[in-house]
Amino acid sequence: MRLSQLKLQFIDHLKDGYPSKEIESFFNILAEKYLGMTRLEVALAPELALNEEQLSAFESALKRLKQHEPVQYITGETEFFGLHFLVDKNVLIPRPETEELVDWIIQDNKELQNLKILDIGTGSGCIAISLAKNLKAEVTAFDISEAALKTARKNAKLNKVDVDFRKLDILKLEKLQERYDIIVSNPPYVREQEKEQMQKNVLDHEPKTALFVDDDDALIFYKKIAELAQVSLRQNGALYFEINQYLHEETRDLVENLGFEAELKKDIFGNYRMLKAVR
């Protein structure tokens, strides 16, 4: 089969489940993964004949895409903040709004040295590793999932940074053993009532423990982390959160009631998705 035929087949099989631009993106991502070809090279080589191994890889990917599995899990990798990350079913796929949170932290702290940073709920390690790569800092990261930490450690090695990854359940922690200049977290914050707004690929495939909280205690992680930060942030230290856009006022009120001054920040879509709190 030729490359142009394969692409037409891809479009035909996926057109009922995805927008055309997304299908095009899928095909280009897979072509880069399985053929080592850029988008331009794909466009310039419609008559390229594919071998059986290549066709089998695309066929397998197509079946998984039909089940709405994220293409990042199919390729096993993604990009975040200009860095390469491995991803699998045990970790959330890093989002653009999380890149904005990382950028905020870097812009606030890029002139400082010898920072101590803690990332709570690290998942793939994308926040911790990006900060370690871009700041002069000693970075520690917690997660409840050993499987997630295994992926995060691979990502730290891949990106040539040192991060101290630890398995901990933050909700069971009475206090932090060290003090930090920065505590950052992108904790679970999606309420059960918001599930109907989410895409099938997220609901069916990404780890639920990293996404969802009970409707009646939606800010449980923010409250716990802010309480720990009350005594574990150094003077002039800052707490950074990715937040639920529908609960931005409640999250701000929560941290302010615990003695912090809070600043909300909108993402590129105009939604309040980030919060900074200082002692």
Tell me the net charge near GLN9. Cut-off is 13 Å between Cβ atoms, GLN9 excluded, with +1 for each Lys or Arg and -1 for each Asp or Glu. +3
Compute the helix-to-body angle for 146-158: its Cα long axis versus the longest principal axis of the chain, expressed 0 to 90° and rounded to tens. 80
What is the fewest-to-most order of THR75, THR122, THR151 by other Cβ atoms lying within 10 Å of their Cβ? THR75, THR151, THR122
Fewest Cβ neighbours within 10 Å first, please rank ILE117, ILE106, ILE127, ILE23 accordingly. ILE106, ILE23, ILE117, ILE127
Where a ≥ b ≥ c are root eigenvalues of the Cα gyration tensor, a/c under 1.5 meaning rounded, otherwise prolate if a/b exceeds b/c and oblate otherwise, region 45-86 counts as oblate
3J(HN,Hα) from dihedral phi, region 176-190, Karplus parametrisation 6.51/-1.76/1.60, rounded to Hz, x for glycine, proline: 7, 7, 10, 10, 10, 7, 9, 10, 10, 8, 10, x, x, 8, 7
Can you list residues whose amide H is under 5 Å from ARG234's amide H, if they're 5+ apart or on another chain and H is modeled 1.01 Å from N? TYR180, ASP181
Beyond 32 Å between alpha-carbons counts as too far, so tell me which of LYS21/LYS116; LYS15/LYS89; LYS33/LYS172; LYS7/LYS133 fall in that bin. LYS21/LYS116; LYS33/LYS172; LYS7/LYS133
Mind listing which trypsin sites (Lys or Arg not before Pro) in region 153-240 are in a DSSP loop and have 15 or fewer other Cβ atoms within 10 Å? LYS160, LYS175, ARG179
Between the helical axis of 20-35 and the dominant principal axis of the chain, each derived from Cα atoms, what acute angle in degrees is found, rounded to the nearest 10? 80
Mean residue ellipticity at 222 nm from the helices of the chain, using -39,500 (n - 2.57) per DSSP H segment of n ≥ 4 over the full residue count, to the nearest 500 deg cm²/dmol? -13000 deg cm²/dmol
Once you place label points 7 Å from the Cα toward the Cβ at GLU250 and LEU112, how far apart are they in nm? 3.0
Putting +1 on Lys and Arg Cβ atoms and -1 on Asp and Glu Cβ atoms, find which of ALA57, TYR73, ASN114 reaches farthest to the positive end of the dipole of the chain. ASN114
If you add up the charges near ASP169, with Lys and Arg at +1 and Asp and Glu at -1, over every other residue whose beta carbon is less than 13 angstrom from its beta carbon, what do you get? +1
How would you rank LEU149, LEU8, going from fewest to most other Cβ atoms within 10 Å of each one's own Cβ? LEU8, LEU149
Using a/c under 1.5 as the rounded threshold, could you call region 77-278 rounded, prolate or oblate? The axes a ≥ b ≥ c are square roots of the C-alpha gyration tensor eigenvalues, and prolate needs a/b larger than b/c, oblate otherwise. rounded
What percent does the relative contact order of the chain come to when contacts are Cα pairs within less than 8 Å and at least six residues apart? 14
Note on region 177-279: contact order normalised by length, alpha-carbon pairs under 8 Å, 6 or more apart, percent, works out to 30
Let me check against my output: what whole-number percent is the relative contact order of region 74-208, with C-alpha pairs under 8 Å and at least 6 apart? 26
Measure nothing fancy, just the Cα-based angle from helix 220-232's long axis to the longest principal axis of the chain, in degrees from 0 to 90, nearest 10. 50
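Read the figures in this text as sums done on the coordinates, not as results from a lab. Keep in mind the model is a prediction, meaning the values are calculated, not measured. Using ideal geometry, Cβ is built from the backbone for each residue, glycine included, and neighbour counts are taken over all protein chains shown.
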